[in-house]
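Laboratory data are not the source of any read-out in this text; all were calculated from the coordinates shown. Every value quoted in this text rests on a predicted model; they were computed, and no experiment measured them. All Cβ positions, glycine included, derive from the backbone under ideal geometry; neighbour counts span all protein chains shown.
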Amino acid sequence: METKKRIYVGMLGVSLLFLVLSIALILYLINNAQLLVNQFLLTLIASLGIIILIMLAIGIAAIVIMIIRGKPSPILTLLSRFSNEVLFPPAVFFGKALGVEREKILASFIAVNNFLVSNNNDVIQPEGILILLPHCIQNSDCPHKINVNIDNCRSCGKCKIGELKELAEQYGAHIKVATGGTLARKIIREIRPRAIVAVACERDLSSGIQDSGPVPVIGVLNCRPNGPCVNTDVSLEAVEQAINTICHR
Ligand code: SF4
């Protein structure tokens, strides 16, 4: 097995071993609960579990309260962050098990994220915004290398890149095209934006939002009239609205 694959498979094994040992420890403690030290350990584990569950429940309640009020609040957003990060993978897993399409769950996650980001009280000028586009928005017959420099676009009108470039110029925002997550992360490291308007499909947006750390991201879903990853499209109004949401205009 190559080293690259060995590392991941090794980590899977370590994770499984950790789970097995944890379960074995809990079973041992339960079976020997009469020993004082085990009673203490059991109480400690149960208390930790209860604290984590309470934090997760408070986070979910915070999201629900904000959605019902139709108005996010900084404290509730902070409380919701932990639940959002911890419960995302199981939410997708259980959603799929219950027959909800993965794309629908991801789109819903993006909608909740956008709602929470709209709460950001920081004053962010458009110059601090990076508009990040996927390469598949470019017309597949276009010979110009816009992922090297978007100014190579001739605004011929065969795809939305020209209009998006003009929109970014109009606001003074940065605009870049990324061919994948690695390039996107490199661009973010170089530009150091204060907020990001990201255009992509459900899968790339949700992983990008989770990857972005403290930088707020508003996700704008692309349209795929020709199927995934080729000659995709996006609503200019939706991108402009995302810019205005971040700038509180
Ligand atoms: S608008 Fe720009 S990127 Fe799109 S096809 Fe024309 S030149 Fe190429």
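Computed over the chain, relative contact order equals 17 percent, with contacts defined as Cα pairs under 8 Å that lie 6+ residues apart.
Stretching the chain fully between Ser207 and Ile26 yields a gain of 61.8 nm (0.36 nm per residue, less the alpha carbon separation).
How large is the Rg to Rh ratio of region 117-247 when both quantities use alpha carbon positions and Rh follows Kirkwood? Display every interim value, and only then the final one.
Details: Rg = 13.6 Å, Rh = 14.6 Å.
For region 117-247, the value is 0.93.
The alpha carbons of region 3-103 occupy a box of 51, 43, 27 Å along the principal axes, longest dimension given first.
Once the Cα-Cα distance is subtracted from the 0.36 nm per residue extended length, the Val86 to Leu41 segment shows a gain of 13.8 nm. The stretch between Leu53 and Leu16 holds 11.1 nm of extra length on full extension. This uses 0.36 nm per residue minus the Cα-Cα distance.
Pairs of lysines in the chain whose Cα atoms sit within less than 30 Å of one another amount to 24, provided the residues are eight or more positions apart or on different chains.
Taking the Cα centre of region 3-103 as origin, sum charge times position over the Cβ atoms of Lys and Arg (+1) and Asp and Glu (-1), and report the length of that vector in debye to the nearest 20.
Here the size comes out at about 320 debye.
What ranking do Cys156, Cys136 get, fewest neighbouring Cβ atoms within 10 angstrom at the top?
So the residues, fewest neighbours to most, are Cys156, Cys136.
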